[in-house]
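The values are calculated or read from the model by the stated rules, or taken from the named source; none is laboratory data. Model, not experiment: these values are computed from the prediction. All Cβ positions, glycine included, derive from the backbone under ideal geometry; neighbour counts span all protein chains shown. Ligands, DNA and RNA are stripped out before the accessible areas are found, and what is left, the full protein with its side chains, is counted by its heavy atoms. Shrake-Rupley method; radii C 1.70, N 1.55, O 1.52, S 1.80 Å.
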Amino acid sequence: MENSIIVADADQSAQATFYKKTYGHLALGVLLFVVIEALFLQITPLVEFLLSLTQGYLWLALLGGFMGITYVAQKMVSDKVSKTKQYSGFLLYIIAQALIFVPILYIAIVYTEDGSLLTQAAMITGGLFLGLSMIVFGTSANFSFLKSILTIGFFIALATIVGGMIFGFELGLWFSVAMIVLASASILYETYKIKNNYYLDEYVPAALSLFASLMLLFWYVLRLLMS
């Protein structure tokens with residue numbers, strides 16, 4: 001029956017259960033990311049290899065690989081039948097995020113020595129995420145209009161990143177700020193979908209969508225602080 005009931009149409013008890021499962025899976029995803037990331041950062045050859053991929057066109061190859069894995073993971077998580085496949089896709093995406101985060105986290109740790117920059121970025125990201133979530137759940141505002149804005153925004157961002165690599169111009173503070181705004185809009189939109197559009201059994205896809213937006217926000221908050 002859960003396959004045919006949208007969260008917005010369910011009773012309060014069913015909604016509460018869905019939210020608990022969704023945000024519980026999100027928390028578990030963040031915890032797994034931290035554990036896997038800590039393990040990756042201890043593997044010196046892996047760190048050196050991923051750092052070498054941040055130079056020139058190799059970064060585009062890494063970014064392309066990440067996007068490919070993201071597509072596969074999202075397809076797996078969208079499976080309506082197999083929960084095992086959904087969890088496998090979620091884990092695959094977490095591992096992909098942990099890999100692509102290795103260079104920026106390594107640099108942040110090396111330059112601050114005590115890791116204070118990571119703590120600041122995590123606190124800012126968490127605060128923004130909580131505040132944006134409260135806006136959605138505390139109001140009846142319709143954020144569905146953000147879908148087209150996000151589509152255009154992410155296309156422009158990708159084109160800017162590729163252009164920067166090809167033509168050699170730096171993506172300055174303005175780009176980090178713009179991406180933080182875009183990631184914040186994504187959290188608003190994904191939270192709105194969780195509140196209104198998902199079916200009751202789609203808590204894993206819902207958690208992955210929030211996790212992706214949260215990681216994007218964390219990346220550019222950290223990049224801004226590093227700048």
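Total Lys pairs in the chain closer than 19 Å by alpha-carbon, pairs eight or more apart in sequence or interchain only?
Lysine pairs, 8 or more places apart or on different chains, close enough: 14.
Roll a 1.4 angstrom probe over the protein heavy atoms and tell me the percent of accessible area of the chain that is carbon or sulfur.
It is 69 percent, rounded to a whole number.
Counting C-alpha atoms alone, how compact is the stretch 130-182: give Rg to one decimal and Dmax as a whole number, in angstrom.
Cα only, the stretch 130-182: 14.7, 45 Å (Rg, Dmax).
In square angstrom, what is the accessible area per residue of the chain with a 1.4 angstrom probe? Spell out each step's value before the answer.
Details: 11910 Å² over 227 residues.
Per residue, the chain has 52 Å² of solvent-accessible surface.
Do any trypsin sites (Lys or Arg not before Pro) in the stretch 43-121 lie in a DSSP loop with no more than 16 other beta carbon atoms within 10 Å, and if so, which? Provide the component values of the computation, followed by the final result.
Details: sites: LYS75, LYS80, LYS83, LYS85; in loops: LYS80.
Counting only loop positions with at most 16 other Cβ atoms within 10 Å, the trypsin sites (Lys or Arg not before Pro) in the stretch 43-121 are LYS80.
Could you tell me which helices of the chain pass both thresholds, a Cα extent of 20 Å or more along their own axis and a mean Kyte-Doolittle hydropathy of at least -1.0, with helices taken as whole DSSP H runs?
What comes out of the filter, once short or polar helices are dropped, is 12-41, 57-77, 83-112, 116-138, 146-167, 173-196, 203-226.
If I take R0 = 30 Å and measure r between the Cβ atoms of PHE66 and ILE43 in this structure, what FRET efficiency does the formula 1/(1 + (r/R0)^6) give, to the nearest 0.05?
Computed FRET efficiency for PHE66 and ILE43 comes out at 0.95.
Order the peptides 143-153, 95-105 from the highest to the lowest mean number of other Cβ atoms within 10 Å of their residues.
Going by the mean number of other Cβ atoms within 10 Å, highest first, we get 95-105, 143-153.
Helix-derived [θ] at 222 nm for the chain: sum -39500 (n - 2.57) over DSSP H runs of at least 4, divide by residue count, nearest 500?
Details: 8 runs with 183 residues, N = 227.
The per-residue figure over the chain is -28500 deg cm²/dmol.
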